[in-house]
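For reference, the structure discussed in these notes is given below.
Values quoted throughout were computed directly from the atomic coordinates according to the rules given, and no laboratory measurement underlies them. Note that the coordinates shown come from a computational prediction; the quantities given were computed from them, not determined experimentally. Using ideal geometry, Cβ is built from the backbone for each residue, glycine included, and neighbour counts are taken over all protein chains shown.
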Amino acid sequence: MLTYPRWKYFVILIVLLLSALYALPNIYPQDPSVQVTASRGAKIDPALSAQVSAALKQAGVTPKSVELDNGNLLVRLSNPDQQIKANDVLRDKLGSNYVVALNLASTVPNWLERIGAKPMLLGLDLQGGVHFLMQVDQKAALDKRMDATAEDVRVSLRDGRVRYESVERRGNNSIVATLASPADAEKARVEIAKSQPNLLLDVQGNTLTVQISEAELQRMAVEAIEQNVGTLRNRINALGVSEPIIQRQGSDRIVVQLPGVQDTAQAKRILGATATLEYRGVVEGNPYDAVSTGNVPGGARVYYRRELGPDGKPMPVLLNKRVIASGDQLVGATSMMDPQTGTPAVSVRLNGVGGQRMFDYTTEHVGKPMAVVYIERIPEVRMVDGKEVRTTKINEEVISVANINGVFGKEFQTTGLESSKEAADLALLLRSGSLAAPMDFIEERIVGPSLGRENIERGLTAVVYSFSFALIFFLFYYRVFGIITCLALLLNMLMLIAVMSLFNATLTLPGLAGIALTVGMSVDANVLINERIREELRLGLPPQTAIAEGYERASGTIADANLTAILAGVALFAFGTGPVKGFAVSLIVGIATSMYTAVGVSRAIATLIYGGRRKIKTIWI
């Protein structure tokens with residue numbers, strides 16, 4: 001008997017409505033736009049919006065709109081040519097106080113976004129995006145490790161109760177510790193070897209030389225690259241970029257591709273900046289006298305506070321050269337509001353080493369001030385005599401000076417931040433992990449939307465032709481069941497687009513190839529069903545019984561074949577990178593939806609046409 005439960009019809013109706021709803025955002029085109037983001041000290045406000053509008057009008061560019069969007073300024077334009085022109089005009093007009101970047105702005109209605117309906121992200125080859133080539137400063141990485149090793153030597157000597165006069169770095173990748181007494185040399189060697197077993201130690205009199213081997217230096221260089229790759233991946237994941245490509249190139253370079261990125265300015269700032277915190281003790285003395293005379297107390301250095309003094313200039317402060325704790329020892333950081341003052345703050349948690357150092361320092365200096373130094377390294381590109389000159393701007397400013405009211409160790413708060421956005425950005429940078437070495441942008445390439453549009457047109461043309469050939473074949477060869485198959489294939493495509501949109505999958509050219517392959521595999525499933533029905537009819541079964549038997553007996557074969565293909569897709573997704581993953585995603589989703597539509601939806605339609613208590617002598621197949 002050819003029947004189909006009513007509740008399954010209800011499920012198909014719900015699936016159809018949800019698929020149409022979540023596939024709907026893909027019909028809304030994106031606006032070519034230019035996004036303006038403020039650097040430190042600059043503001044995004046209505047005055048800037050008016051300035052941007054005036055500059056564009058003077059250059060003959062008519063934008064669709066100039067709007068404030070989540071703390072940024074978004075200029076929507078009508079075509080890519082105006083986008084490029086507006087980008088050049090605003091970069092010259094706004095200077096280095098603002099980051100101006102190309103973007104694609106969504107036009108999806110707010111009511112769709114509120115229910116989580118978003119268009120599919122397009123890959124670098126379809127939508128365009130940003131390609132970065134970044135150079136890792138290996139010397140800075142080595143210097144950073146040497147400083148950390150020198151501090152570890154000091155800690156080992158202090159913990160072992162070994163008196164020393166100085167611990168200094170030397171130019172040949174060595175550290176020399178001058179002890180107070182030659183009698184303590186052997187004890188010092190044992191203490192350092194206990195905590196640093198990979199170091200080469202040499203004792204001569206009251207001098208202990210710590211040497212780092214070449215093999216260890218090579219290992220440090222490799223670890224620096226690997227840590228930076230991991231850190232970049234964490235930061236990009238925190239930005240919400242789908243399927244980024246982050247690859248090591250050569251011995252000291254990293255390639256970063258951001259396909260389908262929604263905020264290129266934010267991505268560049270997060271990737272390019274090397275931000276960290278340092279906690280330093282405040283040295284007694286008059287900082288203004290130190291600045292005017294140049295006589296800085298021994299062991300101290302002049303820093304400048306974020307706040308401006310009565311003369312309108314940043315206020316100087318004397319800080320100890322030795323760092324109490326730094327960003328390397330950070331385990332977690334969360335933005336929050338200080339419950340006492342109501343101002344933005346970052347809750348910081350240190351690891352065991354950093355927490356112990358902070359505990360030791362605060363135990364000895366209760367009631368004395370401690371400063372928080374914010375350090376940010378920002379890459380800059382300037383045109384000098386028609387040539388690009390790449391420099392690095394280093395901002396070092398004291399964001400907070402406060403008295404140590406009590407002893408604390410691993411967990412505490414950092415206050416003195418200007419806004420909640422700054423607190424969130426700082427927490428993101430610190431939480432994502434510190435860079436083992438600074439990096440500079442040596443190549444930046446933007447894949448424009450015009451190239452992507454051509455790729456989309458060609459890829460969609462291939463999919464449409466494959467789909468059309470399949471439909472024409474089924475209509476002529478299977479007649480009524482060809483119409484049933486066509487309806488199932490159309491729903492399959494709708495479901496595939498909806499699912500990929502719902503899970504924010506990134507569609508690439510290989511992904512379009514996967515969709516075309518899915519159409520072919522869905523056709524295979526329907527061919528199996530239709531041919532099985534014809535076989536049952538040849539055996540003399542009544543039409544309705546033949547239809548029911550055809551679906552029942554073909555379902556197992558379809559499931560076996562499709563599950564095998566899904567396993568292949570899972571392997572491609574698990575072990576592939578970049579475009580291979582894009583192909584795997586569209587393949588897996590397409591096979592899953594085609595199984596449902598071929599077996600479930602087409603049977604429901606066939607039951608509507610031929611089911612019930614009607615007596616049917618022949619069927620058109």
How long are the three semi-axes of the equivalent ellipsoid of segment 507-621, in whole Å, if each is the root of 5 times an eigenvalue of the C-alpha gyration tensor, listed from largest down?
35, 12, 10
Between residue 445 and residue 307, what is 0.36 nm times their sequence separation minus the Cα-Cα distance? Round to one decimal in nm.
45.9 nm
Going out from 0 in 10 Å bins, what whole percent of all Cα-Cα distances in the chain drops into each bin?
3, 13, 19, 19, 15, 12, 9, 6, 3, 1, 0, 0
Among the listed pairs 85/581; 64/93; 118/581; 57/118; 387/421, those beyond 31 Å (Cα-Cα):
85/581; 57/118; 387/421
For segment 106-238, rounded, prolate or oblate, judged on the Cα gyration tensor with a ≥ b ≥ c (square roots of eigenvalues), a/c < 1.5 rounded, else prolate if a/b > b/c?
prolate
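Could you tell me what fraction of 2.2 N^0.38 Å the Cα radius of gyration of segment 139-216 comes to, as a two-decimal ratio?
Working it through for segment 139-216, the quotient is 1.01.
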If every alpha-carbon in segment 280-370 counts as one equal scatterer, what log10 I(q)/I(0) does Debye give at q = 0.20 1/Å?
-1.13
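Two-decimal Rg/Rh of segment 153-197 from alpha-carbon positions, Kirkwood Rh?
0.95
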Roughly how many nanometres apart are two label points built 7 Å out from the Cα toward the Cβ at residue 3 and residue 255?
6.1
Could you tell me how many degrees, from 0 to 90 and to the nearest 10, lie between the Cα long axis of helix 80-94 and the main elongation axis, the longest principal axis, of the Cα atoms of the chain?
10
Using 13 Å as the cut-off for backbone N distance, which residues of segment 518-540 belong to the label zone defined by a point 7 Å from the Cα of residue 479 along Cα→Cβ?
534
Whole angstrom only: what separates the Cα centroid of segment 14-73 from the Cα centroid of segment 559-621?
40
So if each residue of separation counts as 0.36 nm, and I subtract the Cα-Cα distance between residue 178 and residue 233, what length gain in nm does that give?
15.6 nm
Per DSSP, the loop-located chymotrypsin sites (Phe, Trp or Tyr not before Pro) within segment 458-551 having at most 14 other beta carbons within 10 Å are 503
Evaluate E = 1/(1 + (r/R0)^6) for residue 422 and residue 147, where r is the Cβ-Cβ distance and R0 equals 35 Å; express this FRET efficiency to the nearest 0.05.
0.80
Would segment 1-158 count as rounded, prolate or oblate if I go by the C-alpha gyration tensor, calling it rounded below 1.5 in a/c and otherwise prolate when a/b exceeds b/c, oblate otherwise?
oblate
How big is the antiparallel share of DSSP beta bridges in the chain, given as a percent to the nearest 5?
95
The correct pair for segment 73-132, radius of gyration to one decimal and Dmax as a whole number, both in Å and from Cα atoms, is 14.3, 40
Straight-line reach from residue 313: which lysines have Cα under 22 Å away, leaving out those fewer than 8 places along the same chain?
43, 393
Under the rule that an exposed site lies in a DSSP loop and has at most 13 other Cβ atoms within 10 Å, name the longest stretch of the chain with no GluC sites (Glu not before Pro) of that kind, not counting the sites themselves.
1-283
Computed D for segment 31-105, Stokes-Einstein, Kirkwood radius over alpha-carbon pairs, 4 °C, 1.567 mPa s, to the nearest µm² per second, is 109
Which trypsin sites (Lys or Arg not before Pro) in segment 542-621 pass both tests, a DSSP loop state and at most 11 other beta-carbon atoms within 10 Å?
613, 614, 615, 617
Acute angle (nearest 10 degrees) that the helix 185-195 long axis makes with the longest principal axis of the chain, alpha-carbon atoms
20
Relative contact order for the chain using alpha-carbon pairs under 8 Å, separation at least 6, rounded to a whole percent?
16
Those trypsin sites (Lys or Arg not before Pro) from segment 89-194 that are DSSP loop and have at most 16 other Cβ neighbours within 10 Å turn out to be 161, 163
Estimate the FRET efficiency between residue 553 and residue 14 by the formula 1/(1 + (r/R0)^6), using the beta-carbon distance for r and 41 Å for R0, to the nearest 0.05.
0.90
For residue 411 and residue 580, compute 0.36 nm times the residue count separating them, minus their Cα-Cα distance, and round to one decimal in nm.
56.5 nm
Mind pulling the angle between the C-alpha long axis of helix 214-239 and the longest principal axis of the chain? Nearest 10 degrees, somewhere in 0 to 90.
50
Non-local residues with an amide H under 5 Å from the amide H of residue 105, with H modelled 1.01 Å from N and Pro and chain starts lacking one, are 31, 33
